[in-house]
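Reading through the structure tokens given below for one structure.
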Amino acid sequence: MTRTADWQALDAAHYLHPFTDHQALARKGTRVITRAEGVYLWDSEGRRILDGMSGLWCVALGYGRRELAEAAYRQMLKLPYYNSFFQCANPPAIELAAKLAEVAPPQFKRSFFSSSGSESNDTLVRLVRRYWELRGQPQRRVIISRWNGYHGSTMAGASLGGMKAMHAQGGLPIPGIVHIGQPYWFECGGELTAEEFGLQAARELEQKILELGPENVAAFIGEPVQGAGGVIIPPTTYWPEIQRIVDRYGILLASDEVICGFGRTGQWFGCEHYGTRPDFMTLAKAITSGYVPLGALMVSDRVADVLIAEGGEFAHGYTYSGHPAAAAVALANLEIMQRERVIERVRDTLTPYWATRWAELGDHPLVGEARSLGLFGALELVPRKPSRTFFPERGSVGTRARDLAIGNGLVMRAVWDTLIVAPPLVIRESEIDELVEKARLTLDQLRDALHRDGLV
């Protein structure tokens, strides 16, 4: 057996993967990634692959940044771990909380640390409900989210999310969480313009609030751009209307910035791109560029002040809240972003170039829409243009395209029949060219295969 085959056998025997059909994976054999540098990965067979997904949305600064590894190493030699219980803290966690307050919108000065976005959204549920208890409105427990949104895989996180396949396993959602439609114009907009549809989609929130009773609704949570749902970029009218509605009914607003945060949209946070004023921001992924696990929940002053002044002990926390090595890596990561002006380069240089090159794929006969924002990109695969229709057995064509892309040395993710990308924020223009060229080659190969099968 080859080294790869040995690893694949061990994987099939012992490793349970996330979001995986394990029987199918065992038949195919897992792809073993062995090293990475910049925007590229190498597998165990020596193939070089351009990582169009930044790992899982997270490797903002690319692979091989020695400064991040050295930050972890230095901290592990000094203080590898201590907890934040029992009235204790550590310098990296304290300094990271201060750094986040520096780069966040002005209403945020405090952070609660976790190990992931999922854990941070669990914390969000606890804090939202605790806030309303302290305000003398304990009946305000309902949190509204969106179908096809993603907020993690824990019980509360998966409940907040609107992924019906996740809800079908394990008795989700938990009580007190309800969902409204998503601002997905390509699928749901019908004959409306994008701007008209954005208002209609946002007003579903108001309808749901009135249905439940405003006195019972605690908060609304949403991703500025729905990442895992298929890079759903809302119409420009959507988020201003959401802000108007939560303001009108006095409801807390939570911005899940796990994917959008730290430069993906060309701003530090997605809420800044859309001009919303959230009470909470969920953070993870790019906060460390994925080098070590870390999550955070930023809490606005109007919520934190009540919790601190009136709440007494907050009976919640994690073993790894404020982990010193993770905090040290996050600090180094954010300092690099500031020093190298990474976010400004995304906004001023890369976004215009990316938008132009990505839009060129919209002329392909299989592409019904090529949309982008910041360094997000999505391609809607359709059997016929210009109609916004989908293939029969929705999802099968996207999977074929994903596998063809890997064969061409490019990671693209398939969400049903939508191909999505979110490359590292340090990608160069020449690497954008390579990504687009490999995506077009993939589309051409897919068109030929679908033609042979009589699907186009």
Verdict on Val456 being farther than 18 Å from Ala228 by Cα, within 23 Å of the chain's Cα centre (by Cα) and not in a strand (DSSP E or B): no
Search result, residues across the stretch 407-439 that are of a type in the set (D, E, K, R) and closer than 19 Å to Gly230 by Cα: Arg413, Asp417
Could you pull out the residue among Asp403, Asp363 that is closer than 28 Å to Gly46 by Cα and without any contact (Cβ under 8 Å) to a residue 12 or more places away in the chain? Asp403
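Considering only the stretch 158-237, give the helices (runs of 4 or more DSSP H) lying wholly within it that have at least 2 residues that are more than 21 Å from Leu419 (Cβ to Cβ).
164-167, 194-212
Got at least one residue in the stretch 250-272 being in a helix (DSSP H, G or I), among the hydroxyl-bearing types (Ser, Thr, Tyr) and either closer than 30 Å to Ala328 by Cβ or in the same structural domain as Pro138 (by TED's automatic domain parsing) (or both)?
Residues of the stretch 250-272 in a helix (DSSP H, G or I): 270-272.
Remaining after also requiring among the hydroxyl-bearing types (Ser, Thr, Tyr): none.
Within the stretch 250-272, none of the residues are in a helix (DSSP H, G or I), among the hydroxyl-bearing types (Ser, Thr, Tyr) and either closer than 30 Å to Ala328 by Cβ or in the same structural domain as Pro138 (by TED's automatic domain parsing) (or both).
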Consider the stretch 355-382. How many of its residues are assigned to a loop (DSSP other than H, G, I, E, B) and among the β-branched types (Val, Ile, Thr)? 1
Members of the stretch 332-347 that are of a type in the set (Val, Ile, Thr) and over 11 Å from Leu61 (Cα atoms): Val346
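Give Gly322, Gly368, Gly311 a once-over and let me know the one that is surrounded by 13 or more Cβ atoms within 10 Å (Cβ to Cβ), modelled with pLDDT under 95 and touching a Phe, Trp or Tyr at 6+ places or on another chain (Cβ under 9 Å). Can you show your working first?
Details: Gly322 fails: modelled with pLDDT under 95; Gly368 fails: modelled with pLDDT under 95.
That would be Gly311, the only listed residue that is surrounded by 13 or more Cβ atoms within 10 Å (Cβ to Cβ), modelled with pLDDT under 95 and touching a Phe, Trp or Tyr at 6+ places or on another chain (Cβ under 9 Å).
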If the Cβ limit is 8 Å and pairs must be 6+ apart or interchain, which residue in the stretch 278-295 that is in the same structural domain as Thr319 (by TED's automatic domain parsing) and closer than 9 Å to Ser255 by Cβ pairs with which residue that is of a type in the set (Lys, Arg) and part of a strand (DSSP E or B)? none
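The values are calculated or read from the model by the stated rules, or taken from the named source; none is laboratory data. Just so you know, these numbers come straight off a predicted model, no measurement behind them. Ideal geometry is used to build each Cβ from the backbone, glycine not excepted, and the neighbour counts take in all protein chains shown.
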